[in-house]
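The values are calculated or read from the model by the stated rules, or taken from the named source; none is laboratory data. Not measured: the values here are computed from a predicted model. Note that we place each Cβ from the backbone using ideal geometry, even for glycine, and neighbour counts take in every protein chain shown. Areas reflect the complete protein model, heavy atoms only, side chains present, ligands, DNA and RNA absent. Shrake-Rupley method; radii C 1.70, N 1.55, O 1.52, S 1.80 Å.
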Amino acid sequence: MTTYLLALDQGTSSSRSIVFDAQGRIVASAQLELPQIYPRPGWVEHDPREIWRTQLATAREALTKAGLTARDIRAVGITNQRETTVVWNRKTGAPIHHAIVWQDRRAEPICAALREAGMADAIQQKTGLLIDAYFSGSKLQWLLDNVPGARAAADAGDLAFGTVDSWLIWQLTGGRRHVTDVSNASRTMLFNVHTNQWDTDLLAALRIPRSLLPEVLPSAADFGKTASDILGGEIAIGGVAGDQQSALFGQACFTAGMAKNTYGTGCFMLMHTGSQFQTSANGLLTTSAAQASPRPQFALEGSVFVGGAVVQWLRDGLRAIEHSGQVQQLAESVPDSGGVMMVPAFTGLGAPYWKPDARGTITGLTRGSTIAHIARAALESIAYQSAALLQAMSRDAVANGGAAVSELRVDGGACVNNLLMQFQADLLGIPVVRPACVETTALGAAYLAGLSTGVYQSTEELSALWKAERRFVPTLEHDRAQELMARWEHAVAQTALPHPA
């Protein structure tokens, strides 16, 4: 009898649910948009009730489309937008405030105070993170300090904090379980990733009562059962991971040196470092990888701010194309970029450069340059930025006695562009591999749920299920690739604006 797994993929802009069969193939899916709330510049919120409403609706719709009932589903897996912070009343289940989304910057003054107090090194050593308002801990402190009555209620043990996975599990189990997994806990700035425990010193520094916090489990574990009235019967919740760690797991990157890059609006690259905790000398974050046992597993993570968004700029800003799908044809109408280099530093540059003041540049223009050359340079900029990131990761890995990356697994919307993927392989000098199922974030959650409920016996079994759709092998001479990367770094150096006298 076929066994099915239901993955709930709660993202920043939408809630999705996908039913997978035991071979990791998609049976049915459903998606609903999630409204964004912008109360002030730099503030981003979601209504937790809408998160739950849209997620539940898509889960029910996906089951209906698949023609399945709760009895057919072995387990539910959950993957979620990370760092987004929800606080609710344990007795009523009502949120005390909108969720504060990962992009939100309101807690920066709290982070500045932590830096001034000399906490940066201790936080990086314990959590793998840099002090930033991106992470949940400072958002949680802001809620306790700014929502009337919140701190008194927290001190009395009446409130519960969670990232989106915890909020969904509370709802799915009818308030019976208040839990999270290590990959989400590792993004709070409150969690010691060496011991997999909430850290007493960090809780004290941010004035967070321990009673607020969920129990932390491995990513494949018993997170409870859905209440029978939610999906038409009880189903085990067996897997939970933050979205980028879930994608790493869905790509079957289970051992040190394996890496994946998600090509979305930006690019998120993670490299598994096994059981070895490595702090980066290149501005990367260290994070807990999704793990199927209590033994800590780690990954290095870096992000490119403008990836696929450069194609949107070609369409909406330059009006060089009418829709995004045309970019490959336009870029392929010329044999190369004709010496044109584009650095899309629209909002500064992320890892490994960390140049917040950088601004976008187009260099190398001649009288013969055309819009096709600019389009090609724009597309190639995604590969250049990702190559710089991967090279930084490999330097960190080798410096820590590990192995350099030997192939890059890819997913996300822009990975369907063959020209981009080939150029990526050429720059890196290693194969770039696109999987048969590019829905790797949801697939990772399904795999974790299947592991904890006996659908799969081991990660080796999952590795055997992973299938490549296309493998892009380098065709460029190593010296030429090095020359191109040197030209890219020269272009990056020209992005810094001179400061006014």
**Accessible area (Å², per residue) of the chain, counting only protein heavy atoms and a probe of 1.4 Å** = 38
**Prompt:** Within the stretch 118-140, what residues put their amide N at less than 16 Å from the label point 7 Å along the Cα-to-Cβ vector of His194?
**Reply:** 120-129
**Message:** Rounded, prolate or oblate, given the Cα gyration tensor of the stretch 140-275, with a/c below 1.5 counting as rounded?
**Reply:** oblate
**Asked** Along the stretch 312-326, what does the Karplus equation 6.51 cos²θ - 1.76 cosθ + 1.60 (θ = phi - 60°) give for ³J(HN,Hα), rounded to whole Hz, x for Gly and Pro?
**Response** 4, 5, 4, 6, 8, x, 7, 6, 6, 9, 8, 9, 4, x, 7
**Message:** If I model a spin label at Val398 and Ser458 as a point 7 Å from the Cα along the Cα→Cβ vector, what separation in nanometres do I get?
**Reply:** 3.2
**Item:** Label-point separation in nm, Thr3 to Thr69, each point 7 Å along Cα→Cβ
**Value:** 2.1
**Prompt:** Rounded to a whole number, what % of the accessible area of the chain do carbon and sulfur atoms account for, probe 1.4 Å?
**Reply:** 52
**Request:** Set the Förster radius R0 to 25 Å, insert the Cβ-Cβ distance between Glu332 and Gln494 as r into 1/(1 + (r/R0)^6), and round the FRET efficiency to 0.05.
**Result:** 0.40
**Request:** Using only protein heavy atoms and a 1.4 Å probe, report how much of Val416 is accessible, in Å² to the nearest 10.
**Result:** 100
**Exposure rank, largest accessible area first [Tyr38, Tyr456, Tyr4; 1.4 Å]** = Tyr38, Tyr4, Tyr456
**Asked** Angle, helix 136-146 long axis vs. longest principal axis of the chain, Cα atoms, 0 to 90°, nearest 10?
**Response** 60
**Asked** Over the heavy atoms of Arg115, what accessible area does a 1.4 Å probe trace out, to the nearest 10 Å²?
**Response** 100
**Complete:** Among (i) 22, 54, 24, 0; (ii) 25, 58, 17, 0; (iii) 24, 56, 20, 1, the entry matching P(r) over Cα pairs in 20 Å bins from 0, in percent as calculated here is (iii)
**the chain: angle of helix 371-399 to the longest principal axis, Cα-based, in degrees nearest 10** = 60
**Asked** What list of ³J(HN,Hα) values in whole Hz, one per residue of the stretch 97-109 in order, does the Karplus curve 6.51 cos²θ - 1.76 cosθ + 1.60 (θ = phi - 60°) give from phi, with Gly and Pro shown as x?
**Response** 6, 4, 5, 8, 7, 3, 6, 5, 10, 5, 8, 4, x
**Message:** For a test of the definition: using alpha carbon positions, the gyration tensor, and the 1.5 limit on a/c, classify the stretch 399-501 as rounded, prolate or oblate.
**Reply:** prolate
**Item:** Rounded accessible area of Asp336 (nearest 10 Å², 1.4 Å probe)
**Value:** 80
**Prompt:** Which GluC sites (Glu not before Pro) does the stretch 46-142 hold that lie in a coil by DSSP with at most 15 other beta carbons within 10 Å?
**Reply:** none
**Prompt:** Largest first, what is the accessible-area ranking of Tyr263, Tyr353 with a 1.4 Å probe?
**Reply:** Tyr353, Tyr263
**Asked** Between Ser13 and Asp229, what length in nm is gained on full extension when 0.36 nm per residue of separation is reduced by their alpha carbon distance?
**Response** 75.1 nm
**Complete:** The set of residues whose placed amide H lies less than 5 Å from the amide H of Asp181, leaving out same-chain residues fewer than 5 positions away, is Leu217
**Complete:** Projected onto their principal axes, the Cα atoms of the stretch 324-458 stretch, largest extent first, over whole-Å spans of 64, 36, 28
**Prompt:** Per residue of the chain, what 222 nm ellipticity follows from adding -39500 (n - 2.57) for every DSSP H run with n ≥ 4, rounded to the nearest 500?
**Reply:** -10000 deg cm²/dmol
**Request:** Name the shape class, rounded, prolate or oblate, that the alpha-carbon gyration tensor gives for the stretch 163-227, where a ≥ b ≥ c are the square roots of its eigenvalues, rounded holds for a/c under 1.5, and otherwise prolate holds if a/b is larger than b/c and oblate otherwise.
**Result:** prolate
**Request:** Kindly write out, for the stretch 17-23 in residue order, the coupling ³J(HN,Hα) from the Karplus curve 6.51 cos²θ - 1.76 cosθ + 1.60 (θ = phi - 60°), rounded to whole Hz, with x marking Gly and Pro.
**Result:** 9, 10, 9, 10, 8, 5, 8
**Asked** In the chain, what percentage of the DSSP-assigned beta bridges are antiparallel, given to the nearest 5?
**Response** 70
**Request:** Could you tell me how many degrees, from 0 to 90 and to the nearest 10, lie between the Cα long axis of helix 48-66 and the main elongation axis, the longest principal axis, of the Cα atoms of the chain?
**Result:** 80
